[in-house]
2 protein chains.
Amino acid sequence: MNYNGIIDKYRDYLPVTKKTPIVTLLEGNTPLIPSQNLSSMLGKGFEVFLKYEGLNPTGSFKDRGMTMAVSKAIEEGTEAVMCASTGNTSASAAAFAARSGIRCIVLIPKGAIALGKLAQALIHGAQVIAIDGNFDDALDLVKQITDQHPITLVNSLNPFRIEGQKTASFEICDMLDDAPDFQCMPVGNAGNITAYWKGYKEYKQKGRSTRLPMMCGFQAAGSAPIVHGRPIKNPETIATAIRIGNPASWQQAVAARDESGGLIDMVTDEEILKAYQILAAKEGVFVEPASAASVAGLIKLHEQGYFTENRKLNTANRNIQIVCILTGHGLKDPDRAIRCVREPITVEAKLETVMEAIGL
Amino acid sequence: MNYNGIIDKYRDYLPVTKKTPIVTLLEGNTPLIPSQNLSSMLGKGFEVFLKYEGLNPTGSFKDRGMTMAVSKAIEEGTEAVMCASTGNTSASAAAFAARSGIRCIVLIPKGAIALGKLAQALIHGAQVIAIDGNFDDALDLVKQITDQHPITLVNSLNPFRIEGQKTASFEICDMLDDAPDFQCMPVGNAGNITAYWKGYKEYKQKGRSTRLPMMCGFQAAGSAPIVHGRPIKNPETIATAIRIGNPASWQQAVAARDESGGLIDMVTDEEILKAYQILAAKEGVFVEPASAASVAGLIKLHEQGYFTENRKLNTANRNIQIVCILTGHGLKDPDRAIRCVREPITVEAKLETVMEAIGL
């Protein structure tokens, strides 16, 4: 009955042994929220769910992978974990390192990052070092250092991260009693689509689900290397968490798309911001902009008739289920929210004046 | 097996009927994280747990009460919900109103509040009106308007909020298989200590637990009306969520303290900030400052020998369990984190230089 985190819950599906010391913040177990508005938009016979990964301990899905990466690092006797990251990865790495009592070192390019983005990693006690170079230089240094010293790299190259992240598929199947028909999700570095697809396949293989979803991934239009079929030198998008020009798991993402019969498409920043505001103002769910790419993609595909076409192919007498993955909490990027809203009006402290302002 | 929010889960303990339309964001079901460091600090025979309420959908425990308040408001045919709040209450009210499709109106004193604090309410579509007056003027206007119009007040005066909030006690008992021996928690407006105590009593009465915890509440030293026994005109503390000079549930908090044999004490801002940093850097748990008051209080009581004294009274052959309530996520107050950390150092992008900076 007690929940003890994703490794404890899905131990049989993960590369851990009795000797692995589990470092957990009770990540996972995130809500799968039914969306009435999006279900209605798609019409009769469709059900849309929002997997709210922003309710992981550090506010993003990264915690699922990090509990695995840090637990295995401790098992291997590492002295510290290290990454080049300016966002959710460093926050998660720092939190799990703090929990386990080992050091966390974060390399970043100098000047490029506001302190606010780093506040989480820093408050969790990470040692953040800015280097006189770009992000690739930082990652190269992390690779060299972790190759030569008992320090574990926890960037996405760490294979245990994908193992942990795949547990989100298991949770979805457990909650729906089977896999959904479609999954819409943001694609940045492409580790997460890789992880979900791996999870869905493993669950089906073990007989825990009977079908596989069609995987629909969405990149931001200014940062869509997989869609364009070539790396993007200077990717641009307001969805910073998926602003990646050369995804580490590119081939695996393409495989997930092709094996599942899904697609990888792109959505504009405008579409992302529209979905971001719909989620907050109609669903009551506040996400970081990258997360909204999944719902922007859902809306785009719906307008193209994609789901209705696929509905026709389905002969089963049941609703078609679509899950949108919301990767991070809106509180991760408060500046974006502030830029989207208007200053409150100020009125006299009188009943009539306030009632007039309310317009009731 | 599926989790559908606190009303669905604890329906038998809540004033809802089959006709009540449930408005939920799947709030509740938050982790109870074992704390190795704090357990060790207290010594053999003690177990400390952190109830991480910051993982509710809007980032604070307010969601538990708001699902009840908004569901009942809809049942009663209200047109809008309204509150005077500058923080977690308005964020939660706005999210649940958005979810249900009704309006949310928030009154605030003009000039006093940074837009960042309001970003959540605004992005969820609340109509925020600043009035030319102070917080009491705003609350008075909310009371007048909600008295005269089909608009529901969702400030703490709304009795359904306490009903929802008491479910956190149920979760703790369910996870520990009984009530804990002690509970440490922040006290501001005192609605939450009232709710927890009500929950613990009800669960025991229904035979779901065998004991009741000693309730230990902590106010901030500059904002400690209950400790001093008189309202504080200009309360001051960095823990903004408990900066309240005249708590709405004052008498109920005193009753919880006295009936449980607990206490209501105060902790300084310095102690709060120390606990805030311990939680982030040693436990990997990032909270808003008010939440840290519970752990600051735990440390203070421990240093006074309080738990050891009480340990002696206990003849049972089992560990003493203490739960600290962490009411909100650290991402609610990023500015506080930024003020607590140091700027990263910048070094040359060379292996040796970086290794020297790391000091390994």
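Structure data summary
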quantity	calculated
Share, in percent, of DSSP beta bridges within chain B that are antiparallel, nearest 5	20 percent
For the pair A and B, total buried accessible area rounded to nearest 100 Å², probe 1.4 Å	6500 Å²
Inter-chain Cβ neighbour average for residues B:15-26, partner chain, 10 Å	2
Probe 1.4 Å, accessible area per residue of region A:194-344, Å²	43 Å²
Per-residue HN-Hα couplings for region A:26-41 [Karplus 6.51, -1.76, 1.60; θ = phi - 60°; Hz; x = Gly/Pro]	6, 4, x, 6, 8, x, 10, 8, x, 10, 5, 5, 6, 4, 4, 4
B:ARG342-B:LYS44 pseudo-label distance in nm [points 7 Å out on the Cα-to-Cβ vector]	3.9 nm
Computed label-point distance, nm, for sites A:HIS149 and A:ARG211 using a 7 Å Cα→Cβ extension	5.1 nm
Carbon/sulfur fraction of accessible area - the protein assembly as shown, other protein chains in place, 1.4 Å, %	48 percent
Space enclosed by the convex hull of the alpha-carbon atoms of the protein assembly as shown, per residue, Å³	156 Å³
Dipole magnitude of the protein assembly as shown about its Cα centre (Cβ charges: Lys, Arg +1; Asp, Glu -1), debye to nearest 20	1260 debye
Anchor A:LYS233: aspartates and glutamates whose Cα lies under 14 Å away (excluding residues fewer than 8 positions away in-chain)	A:ASP136
Shielding score for B:152-159, defined as the mean number of other chain Cβ atoms within 10 Å	0
Relative contact order computed over chain A (Cα-Cα under 8 Å; 6+ residues apart), in percent	17 percent
Across the identical copies, how the B:GLY101 labels are spaced - nm, sorted shortest first, 7 Å along Cα→Cβ	5.5
Helix-only CD estimate at 222 nm, as mean residue ellipticity for the protein assembly as shown, using -39500 (n - 2.57) per DSSP H run (n ≥ 4)	-12500 deg cm²/dmol
Span-like helix ranges in chain A, DSSP H, alpha carbon extent 27 angstrom or more, Kyte mean at least -1.0	none
For chain A, built as a Gaussian network whose Cα springs stay under 10 Å, the top-fluctuating residue of A:TYR200, A:TYR13, A:TYR306	A:TYR306
Debye equation applied to the C-alpha atoms of region B:227-360, log10 I(q)/I(0) at 0.12, 0.16, 0.20 Å⁻¹	-0.64, -0.97, -1.28
Region A:1-74, dipole about Cα centre (Lys/Arg Cβ +1, Asp/Glu Cβ -1), debye to the nearest 20	220 debye
Shielded residues, region B:55-83 - accessible-area loss of 50 Å² or more between chain alone and all protein chains, probe 1.4 Å	B:LEU55, B:PRO57
Percent of Cα-Cα distances greater than 24 Å, calculated over region B:137-261	35 percent
Charge dipole (the protein assembly as shown, unit charges on Cβ, about Cα centre) - positive-most of A:PRO109, B:ILE129, A:TRP197	A:TRP197
Lys, Arg +1 and Asp, Glu -1 on Cβ, resulting dipole of region A:171-270 about Cα centre, debye, nearest 20	400 debye
Mean Cβ count within 10 Å, highest first, over the residues of peptides B:244-250, A:155-161	A:155-161, B:244-250
Charge-dipole axis of chain A as Lys and Arg at +1 and Asp and Glu at -1 on Cβ define it, positive-most pick from A:SER209, A:ILE322, A:SER40	A:SER209
Accessible surface, 1.4 Å probe, highest first, among residues A:ILE108, B:ILE22	B:ILE22, A:ILE108
Charge dipole (region B:230-278, unit charges on Cβ, about Cα centre) - positive-most of B:ALA248, B:GLN277, B:SER260	B:ALA248
Loop trypsin sites (Lys or Arg not before Pro), region B:217-311 (other Cβ atoms within 10 Å of the site Cβ: 14 or fewer; DSSP)	B:LYS233
Compactness of chain B, expressed as Rg and Dmax over alpha-carbon positions, Å	20.9, 72
Region B:43-89 - accessible surface per residue (Å², probe 1.4 Å)	21 Å²
Peptide B:30-38 - average C-beta neighbours from other chains (10 Å radius)	4
Nearest-first distances (nm) between copies at A:ARG11, label 7 Å from Cα via Cβ	3.4
Position A:LEU263, label points 7 Å along Cα→Cβ, spacing to each other copy in nm (shortest first, one decimal)	6.5
Rounded Å value of the spacing that divides the Cα centres of region B:247-323 and region A:264-316	45 Å
Residue of chain B whose Cβ sits closest to the axis mapping B onto A, with distance in whole Å	B:LEU331, 2
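The values are calculated or read from the model by the stated rules, or taken from the named source; none is laboratory data. These numbers come from a predicted model, not from an experiment. Ideal geometry is used to build each Cβ from the backbone, glycine not excepted, and the neighbour counts take in all protein chains shown. Please note that ligands, DNA and RNA were not included when accessible areas were found on the heavy atoms of the full protein model with its side chains. Shrake-Rupley method; radii C 1.70, N 1.55, O 1.52, S 1.80 Å.
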